[in-house]
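J.: Here's a structure for you.
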Amino acid sequence: MNPILLDLPFPIVTPRLSIRPAAPGDGPALYAAVAESIAGLRLWMPWARGEINVETCELNCREAYVRFLSREDLRLYCFDRATGDFVAGSGLHRIDWEHRIFEIGYWVRSSRAGAGYVSEAVNAIARYAFGPLDAKRVSIHCNASNAKSRAVAERLGFALEGVHRNDDRAAAAEIQCRDHAIYARTSPEGLPRLDASWSSRADLSN
């Protein structure tokens, strides 16, 4: 089936988070989270090195929404169910629909770091990939020196498949190659227990 014809059920709901695709109108919330976290993001995220303002963030959200509709990329935003605040960015990227292969990326708002939100989100998204998306492989790729990102993968039981040397570009001003760690799962078996669910139809509201 052409992936555009897939009706993907959202949001994904966990005890603390509502996770859904990026959508028009998310620009201000995204900007507030990125502006607060920019120093840390620029260490690891190439996209954070560009101009960041409300307009560029809104454009970014709309472009992500178009790519979601075409099923080229599934960028997902995580909102606090209690307050509605933007907590983290994640998603399923570098998708191979034919073979059902996905990669999970993630970052967290600096004021919410250290509270387990990313682990909760990635756990839920992995379950979603192996559930309605029928994933055969879900991977996490991160800079080998990014200890916090690696800790998330290891905490969730993703197996380290190897480290590609001089394969990952740092996002700092002094672009240089660094080692690139690759973790993967081929089933949800062994994921930490989590109450995660999703609706039976598409719904982009919080």
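The values are calculated or read from the model by the stated rules, or taken from the named source; none is laboratory data. Remember, predicted model here, so these are calculated numbers, not experimental data. Here the Cβ positions follow ideal geometry from the backbone for every residue, glycine too, while neighbour counts run over all protein chains shown. Accessible surface areas use protein heavy atoms only, side chains included; no ligands, DNA or RNA. Shrake-Rupley method; radii C 1.70, N 1.55, O 1.52, S 1.80 Å.
J.: Where the eigenvalues come from the Cα gyration tensor of region 35-109, what are the semi-axes √(5λ) of the equivalent ellipsoid, largest first, in whole Å?
T.: Rounded to whole Å, the semi-axes are 22, 15, 14.
J.: Report the calculated FRET efficiency for T83 and A147 (r = Cβ-Cβ distance, R0 = 35 Å), to the nearest 0.05.
T.: 0.75
J.: For region 60-180, taking Cα atoms only, what is the radius of gyration to one decimal and the Dmax to the nearest whole Å?
T.: 14.9, 42
J.: With a Cα-only, solvent-free Debye model of the chain, what are the log10 I(q)/I(0) values at q = 0.09, 0.10 Å⁻¹?
T.: -0.32, -0.40
J.: On to the next question. Subtract the Cα-Cα distance of H99 and R193 from 0.36 nm times their separation in residues, and report this length gain in nm to one decimal. Walk me through the numbers before you get to the answer.
T.: On the way: separation 94, 0.36 × 94 = 33.84 nm, distance 2.69 nm.
That works out to 31.2 nm of additional length.
J.: Taking the Cα centre of the chain as origin, sum charge times position over the Cβ atoms of Lys and Arg (+1) and Asp and Glu (-1), and report the length of that vector in debye to the nearest 20.
T.: Its charge dipole is roughly 380 debye.
J.: Heavy atoms only, probe 1.4 Å: what % of the accessible area of the chain goes to carbon and sulfur, would you let me know?
T.: Its accessible area is 51 percent carbon and sulfur atoms.
J.: If I take all pairs of Cα atoms in region 1-79, what percentage of them are more than 16 Å from each other?
T.: 57
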